[in-house]
Structures are given as structure tokens and as C-alpha cells.
Amino acid sequence: MTAFRPSRHGSRRPKVSFEFFPPKSEEMEVALWESVRRLEPLGPSFVSVTYGAGGSTRERTHSTVKRMVEETGLKPAAHLTCVSASRDEVDEVIRAYWDAGVRHVVALRGDPAGGLGTVYEPHPQGYHQTSDLVAGLRRIGDFEVTVSAYPEKHPEAASLDADIEALKKKVDAGATRAITQFFFDNDVYFRYLDKVRAAGIDIPILPGIVPVQNFRQTANFARKTGASVPQWLADRFEGLEEDAATRRLVAAAVCAEQALDLIDRGASDLHFYTMNKADLVYAICHLVGVKPEPAVAQAAAAA
Ligand code: FAD
């Protein structure tokens, strides 16, 4: 029998960051703010708020981020895309963020207006590529700019090398951090990191972690975004379709395993796609040593 080997983790506490999406209803607004308030004491390096496809959440993203600036001690980042908007329109959004005290933007091209799988058509007067948007942001204000990265390549990219070349352009334009698309096999992330470093890109590449709240939904989304779903993951959720309570426990175990392995293998930052639900993320953070500040101090004193 193989001996149980607990994670070597314990001495190194990672930095964490959290992604939220803007609420669509009053009920969702309440749920979002409960999650934000629960995760805030964990002292994330930043939190980010997504921008709906085609700019559909422009106002809601703005008001959510603004409220975070005004009512919390968090450092929010606003996601922004180039889709279906002229440069003047995008620049207006950027200036409104600057005026609201937002200093961090997650710059993205965005999905094609016709939906995933259709051809991306840049707006004739718009920013054509993410690297152009990054440069635009840097021209307008001294923003911290984060971009996306795809360990399993973006579905539209001809090859992983071409995708890494696109990442390099974004870095050359002024991006200082990347967050990856979610993945489940940590080898995929570390192989990607090796390739990115070999290409001369030295910005932090934060692993994006998705706690699997609903396996079927996550697998569907993964298929569209080009993220692979290992058979072992499907096996772990198999037979639990009608058993939400066990599914949650399994989801916590799977996510904890992934986070601990990332840390054991050198990751210093973890970015969580929270889906506006705090519980699972809070538990994983606790497990990797990220606790509300007084609890961290007490633990250190007792050690
Ligand atoms: P890009 O880096 O712009 O790449 C898109 C494609 O173009 C790739 O195939 C790339 O290789 C190629 N490419 C890029 N630059 C060049 C170039 N100079 N020359 C040749 N080819 C190039 N979508 C939203 O609508 N709202 C969000 O809030 C949002 N948040 C996201 C957050 C993260 C962390 C991630 C990983 C994705 C997010 N997305 C979001 C999804 C994203 O908008 C889509 O994946 C979109 O299809 C690509 O935009 P991008 O900026 O990620 O990719």
C-alpha cells in the first residue's frame, strides 16, 4: 500500500484574487455583495468584475466596480472588451473608470458578436486586437493592465506558439499580469509556463481556478473555451447528478487538491473564478492558509 502523502504546503501562503460577475437582478445583487463581504477579510491582492459579451453589462460592471471602490477596502479591476464599440466609446468607458478611482483593468478582445464559434469582426473604428486596447489604456492613464492567457490555446489561435506570440504583443503594449483560462490538469499549466518563459515573457501568469459547482455546466463551458476536461474529473462527479450535497463535498476536494498541488509546485498566486459564490472559495483559501487577518496573526503567534 502506498503511504498517504499530505501536501508539503504549509509554510508558503499564496496570494489570492477573486473574479465576480455583475448581477442581473436584485436577488443576484444581494448574493454578490454577501460573497464580496465574506471574501473581503481574506485580503485578496485584487478582485475583478467581468464585462458581459458585447459590452452588455457596461453599466452594471461600472456600478459594481465603483461601489467596490467606494464601500470596500478592495482593489477592484474592471474587465473591458473591444467588441462592438468604437475607440471613442471604449475610451469614454476607460476615462469613466479613471474618474471613479479605478486603476486596474483586465483588457480583453472579447468573443465574436455572433457568439462563440463565429468569426470575430473588429468594429471598423474600434480597437482591433487586445494589444491595441492595452496600449490605449496606457495612453489614457497609469492603469495596471491584466490580460488573459490560454494554457490550452485560444480556440481561434492557429497554434499554441501563435497564441504565446499574441500574449507577447499584449505584454509589449504594457500588460503586467496575465490570468489563465481555467484548466484542471496542472501539468498543462506548468508546461505552458515553461513555454511562456522560454518566449521571454516574464510577467506573472496567475492560474485561473474554477471550483466546479455544477459539472455538466462546467464541462459544456470548457468545450466552448477549449479547456480540456480530464476523464478522471468526469469520473469523480459521475452518479452525483441528483446529489447536490455530495457534489459540493467532491467539488471542494477536487479544488483543494488542485490548489495545493499548484502551491507545492511553486505557484505563488491563485485566481479564483468565484461565480459569485463564496463558500467553496473561502474553504479552499482557508485550507491553503489564507485566512482573515486576525486569524492569520493568531496562528503565527501560536506556531
Ligand atoms: P486575445 O489575446 O485577444 O486573443 C484572441 C485570439 O486572437 C487568439 O487566437 C490570439 O492568438 C489571436 N491574437 C491576439 N492578438 C493577435 C495578434 N496581434 N496577431 C494575431 N493574432 C492575435 N470575455 C468577456 O466578454 N468578458 C469578460 O469579462 C471576460 N473575461 C475573461 C477573463 C479571463 C481571465 C479570460 C481567460 C477570458 C475572459 N473572457 C471574457 C473571454 C475572452 O473575451 C475570449 O476568450 C475572447 O474570445 C478572446 O479575448 P482575449 O483578450 O482573451 O484574447
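The values are calculated or read from the model by the stated rules, or taken from the named source; none is laboratory data. Since this is a predicted model, take the numbers as computed values, not measurements. Note that each Cβ is placed from the backbone with ideal geometry, even for glycine, and that neighbours are counted across all protein chains shown. Note: areas computed on protein heavy atoms with side chains; ligands, DNA, RNA excluded. Shrake-Rupley method; radii C 1.70, N 1.55, O 1.52, S 1.80 Å.
Candidates in the stretch 245-303 are the residues that are of a type in the set (Phe, Trp, Tyr) and open to solvent by 10 Å² or more (accessible area, probe 1.4 Å); of these, the one that is farthest from the ligand (Cβ to nearest atom) is Tyr282.
Residues being modelled with pLDDT of 95 or more, open to solvent by 40 Å² or more (accessible area, probe 1.4 Å) and touching a Ser or Thr at 6+ places or on another chain (Cβ under 8 Å): count how many of those fall in the stretch 143-176. Residues in the stretch 143-176 being modelled with pLDDT of 95 or more, open to solvent by 40 Å² or more (accessible area, probe 1.4 Å) and touching a Ser or Thr at 6+ places or on another chain (Cβ under 8 Å): 8 in total.
For the stretch 185-202, the criterion of a residue being assigned to a strand (DSSP E or B) and modelled with pLDDT of 95 or more is satisfied by no position.
Of all residues in the stretch 245-264, those that are more than 15 Å from Tyr282 (Cβ to Cβ) and among the β-branched types (Val, Ile, Thr) have Cβ atoms under 8 Å from Cβ atoms of residues that are open to solvent by 50 Å² or more (accessible area, probe 1.4 Å) and not in a helix (DSSP H, G or I), 6 or more apart or on another chain, in Ile263/Arg12. In contact with a helix residue (DSSP H, G or I) (Cβ under 8 Å, 6 or more places away or on another chain), outside any helix (DSSP H, G or I), within 14 Å of the ligand (Cβ to nearest atom) and among the aromatic types (Phe, Trp, Tyr), is that true of Tyr120? Answer is no for this residue. Of all residues assigned to the stretch 188-197, at least one qualifies as being surrounded by fewer than 21 Cβ atoms within 10 Å (Cβ to Cβ), of a type in the set (D, E, K, R), in contact (Cβ under 8 Å) with a residue 24 or more places away in the chain and closer than 14 Å to Tyr150 by Cα.
Note on the stretch 123-141: among residues that are more than 10 Å from the ligand (Cβ to nearest atom) and assigned to a helix (DSSP H, G or I), the one that is most open to solvent (accessible area, probe 1.4 Å) is Arg139. If you filter the stretch 1-23 down to residues that are away from the ligand (no atom under 16 Å from the Cβ) and modelled with pLDDT of 95 or more, you find that the one that is least open to solvent (accessible area, probe 1.4 Å) is Pro14.
Only residues that are part of a helix (DSSP H, G or I), within 20 Å of the chain's Cα centre (by Cα) and surrounded by fewer than 16 Cβ atoms within 10 Å (Cβ to Cβ) were counted in the stretch 222-244, giving 3.
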